[in-house]
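Everything on this sheet refers to the single structure shown next.
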Amino acid sequence: MAYYLPILSVFILVFSFLPLLNKIIKNRSVSGVSLLMMTFGLAQSVYFISYNLYFSRFYIALPFFATGLLSGLILYFFARYNAAKRQKLQLLGMLSFSLLPFLLLLNPNLDTAVVLNGLTYVGLIMSSVRVMPQTYKTLRTGNISNLSARYFSLQFIAGICGLFAELAMPVQSTSHILMFIMILLTNALQFACMQYYRVRPVLA
């Protein structure tokens, strides 16, 4: 199970991004999508990928590859469709700042395993808060035109698969368990928020 659930999670993650990507390509815009959410999605994926590859947990790294690549693709579409030069520099600055803790690996006095384990907690913080800017943006603007409810619902299901995959591992990572729990909570909240804005015009 520890091997099959991450593979299943990859397929779920890909299908979760497809409606969102389809809307972005169709509208040629990423308006309504939180770039901070996607930036943190890319950065936290890099943290967890590094940890899992170093400790030879190759299967559990697969969902993070999917999330990182697809989040990066949305950031590419932002740079292509919406970003002025100043915004592109801001995006580059956000990505660079998000990955700054990797510089700790250059310190020869620090044990690599300890540093990578610590970096997963940085990834945990990013994973915990990454959907919150999107929820705030949705609540502030009510704009769900480029958002996909399927994206957040499938992200929730992928989080369940990841959580059970981690629990089935011979040696479990506390940061991974907490990260998957936060994925469940934050995506459930965002999904509920979107459903509210879909129903509200009917109630008005």
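The values are calculated or read from the model by the stated rules, or taken from the named source; none is laboratory data. These figures come from a predicted structure and were not determined experimentally. Using ideal geometry, Cβ is built from the backbone for each residue, glycine included, and neighbour counts are taken over all protein chains shown. Protein only, heavy atoms only, side chains kept; ligands, DNA and RNA dropped before computing areas. Shrake-Rupley method; radii C 1.70, N 1.55, O 1.52, S 1.80 Å.
Points to keep in mind about this one:
- Pairs, first of a type in the set (S, T, N, Q) in segment 110-122, second open to solvent by less than 40 Å² (accessible area, probe 1.4 Å) and in a loop (DSSP other than H, G, I, E, B), C-beta under 7 Å, six or more apart: T120/S173
- Taking first residues from segment 21-34 that are over 10 Å from N82 (Cβ atoms) and without any contact (Cβ under 8 Å) to a residue 60 or more places away in the chain and partners that are part of a loop (DSSP other than H, G, I, E, B) and open to solvent by 60 Å² or more (accessible area, probe 1.4 Å), no Cβ contact under 6 Å between residues at least 6 apart in sequence or on separate chains turns up.
- Of residues in segment 169-204 being exposed (fewer than 15 other Cβ atoms within 10 Å of the Cβ) and of a type in the set (G, A, S), the one farthest from Y51 (Cα to Cα): A204
- Helices (runs of 4 or more DSSP H) wholly inside segment 132-204 containing at least 1 residues that are among the polar types (S, T, N, Q) and touching a His at 6+ places or on another chain (Cβ under 8 Å): none
- Across segment 45-58, the qualifying residues are those that are in contact (Cβ under 8 Å) with a residue 12 or more places away in the chain and under 13 Å from P170 (Cα atoms), and the one among them that is farthest from the chain's Cα centre (by Cα) is F55.
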